[in-house]
Amino acid sequence: MLVVMKAHATEEQVRAVCERIESLGFKAHPIPGSIRTAIGITGNTGAVDIGSLEAMSGVVECIPVSKPYKLVSRDVKQENSIVRIPTPLGEVTFGGPAIGVVAGPCAIETSEQTFAVAEAVKKAGARLFRGGAYKPRTSPYSFQGLGEPGLKILAAVRDKFGLGIVTEAIDHESLDLVEKYADVIQIGARNMQNFSLLKRAGRSKKPVLLKRGMSATLDEFLMAAEYILAEGNYNVILCERGVRTFSDHTRNTLDLSMIPAVQLRSHLPIVVDPSHGTGRRNKVLPLSRAAVAAGADGLLVEVHNDPDRALSDGMQSIVPAEFAQLMVEVNQIAGVLNRSLN
Ligand code: PEP
Ligand code: MN
């Protein structure tokens, strides 16, 4: 259910409606828009008695939301949400006219490797740095990440280079630490339906980058995001990272049609990860260009200074010179769409 307020409804009127909703045992989510505020109602298992709400001052109408997702839906908020990430180098935004780029290695391996990549991606123009301190690996014998010492290396990268930090949390324990050290909490493809982790991320004050599960449908992807918003965290960036198909020339099939499909239904920004999306270094540049051309709000790219010796995902990691080229070409394509890189 959605309560649509009048364009000039006062703050007190919005507050009174929220209080009435809460007194009925539901949760109220006031979502200010450029023209008017809408209030989403969650926590209801059946129909909400709208009679008393519709009569309240400042209310235009109550609309039942038929889609399974509510807060992520454009029904609740027509204009795009802009997720703002403050960094020492300035704010990076996702969802506005500017395109955000996150770059860095798959995993934090050593401070030397991390600093080398950070210096290079910063020079090429990136302002957000990625790298996993916790790695969800298919094999328990593969490198699992450095854990908290890896997060400390990332914090040192922020101090030295001014880059904002995006890193993955794989469970509640790592999320407690990631939210202390990072600027954005990444929830990986393998955890897209880890509902208790999604709820925990929803209670965080840090923005969340949510990756599409490798076999998730559009509705499942949006419902996963809904879990985060329903807990009160509206700063969610969706990430298309490819799904599993029968194609075997790539690791995954990057589903760029997800971009307009999400944009039709949701106000949340969507970025593309062409590295996991293809699994092959030589496909990262063309698919980055295509993602921006298709309307992506940002890119997440794996870059390594010595990919042949990387402890994870070396095959899909590009080298700094290739990343610099990518930034130039993507910026040119963004320009055609009257956008530019953040
Ligand atoms: C990653 O970003 O390094 C990662 C593990 O991605 P995904 O969850 O998309 O596999
Ligand atoms: Mn990776």
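Take the residues in the stretch 22-34 that are within 16 Å of Asn44 (Cα to Cα) and in a loop (DSSP other than H, G, I, E, B), then tell me which one is nearest to the chain's Cα centre (by Cα).
The residue in question is Phe26.
All but one of (1) farther than 13 Å from Ala103 by Cβ; (2) within 15 Å of ligand 2 (Cβ to nearest atom); (3) in contact with a strand residue (DSSP E or B) (Cβ under 6 Å, 6 or more places away or on another chain) hold for Asn331, so report the exception by its number.
Here Asn331 meets the rest and fails (2).
For the stretch 149-168, state whether one or more residues are within 14 Å of ligand 1 (Cβ to nearest atom), in contact with an Asp or Glu (Cβ under 7 Å, 6 or more places away or on another chain) and part of a helix (DSSP H, G or I).
no
How do the pairs read when you match residues in the stretch 270-291 that are at positive phi and touching a residue at least 40 places away in the same chain (Cβ under 8 Å) with residues anywhere that are assigned to a strand (DSSP E or B) and buried (at least 24 other Cβ atoms within 10 Å of the Cβ), using Cβ under 6 Å and keeping only pairs 6 or more apart or on different chains?
none
Before we move on, is Val72 buried (at least 19 other Cβ atoms within 10 Å of the Cβ) and either hydroxyl-bearing (Ser, Thr, Tyr) or at pLDDT 95 or above (or both)? Steps first, please.
On the way: buried (at least 19 other Cβ atoms within 10 Å of the Cβ): yes; either hydroxyl-bearing (Ser, Thr, Tyr) or at pLDDT 95 or above (or both): yes.
The answer is yes for Val72.
Do any helices (runs of 4 or more DSSP H) lying entirely in the stretch 243-331 carry at least 2 residues that are more than 22 Å from Gly132 (Cα to Cα) and at pLDDT 95 or above, and which ones are they?
The qualifying helices (runs of 4 or more DSSP H) are 258-265, 284-293.
Being of a type in the set (D, E, K, R), more than 31 Å from the chain's Cα centre (by Cα) and surrounded by fewer than 16 Cβ atoms within 10 Å (Cβ to Cβ) narrows it down to one of Glu11, Glu54, Glu19, so name that one.
Numbers: Glu11 fails: more than 31 Å from the chain's Cα centre (by Cα); Glu19 fails: more than 31 Å from the chain's Cα centre (by Cα).
Checking each option against the conditions leaves just Glu54.
Specify the residue that is nearest to ligand 2 (Cβ to nearest atom); the eligible residues are those in the stretch 270-293 that are within 20 Å of Ala310 (Cβ to Cβ) and among the small types (Gly, Ala, Ser).
Ser275
Mind checking which residues of the stretch 287-312 are touching a strand residue (DSSP E or B) at 6+ places or on another chain (Cβ under 6 Å) and within 16 Å of ligand 1 (Cβ to nearest atom)? Walk me through how you get there before you give the answer.
Here is the first cut: in the stretch 287-312, the ones touching a strand residue (DSSP E or B) at 6+ places or on another chain (Cβ under 6 Å) are 288, 291, 296-301, 303, 311-312.
Scanning the stretch 287-312 gives Ser288, Ala291, Ala296, Gly298, Leu299, Leu300, Val301, Val303, Leu311, Ser312.
I'm trying to understand the selection: among the residues of the stretch 67-124, which are farther than 21 Å from Met223 by Cβ, in a strand (DSSP E or B) and either in contact with a Leu (Cβ under 8 Å, 6 or more places away or on another chain) or β-branched (Val, Ile, Thr) (or both)?
Of everything in the stretch 67-124, those that are farther than 21 Å from Met223 by Cβ, in a strand (DSSP E or B) and either in contact with a Leu (Cβ under 8 Å, 6 or more places away or on another chain) or β-branched (Val, Ile, Thr) (or both) turn out to be Ile85, Val92, Thr93, Ala98, Ile99, Gly100, Val101, Val102, Ala103, Ala107.
For the stretch 202-224, name all the residues that are away from ligand 1 (no atom under 12 Å from the Cβ), more than 12 Å from the chain's Cα centre (by Cα) and of a type in the set (Gly, Ala, Ser). Spell out how you get there, then give the answer.
So in the stretch 202-224, the residues away from ligand 1 (no atom under 12 Å from the Cβ) come out as 202-208, 215, 217-224.
Next, from what is left, pick out any that are more than 12 Å from the chain's Cα centre (by Cα): 202-205, 215, 217-220, 223.
Within the stretch 202-224, Gly202, Ser204, Ser215 meet the criteria.
The values are calculated or read from the model by the stated rules, or taken from the named source; none is laboratory data. All values reported here derive from a predicted model rather than from experimental measurement. With ideal geometry, Cβ positions are generated from the backbone for all residues, glycine too; neighbour counts draw on all protein chains shown.
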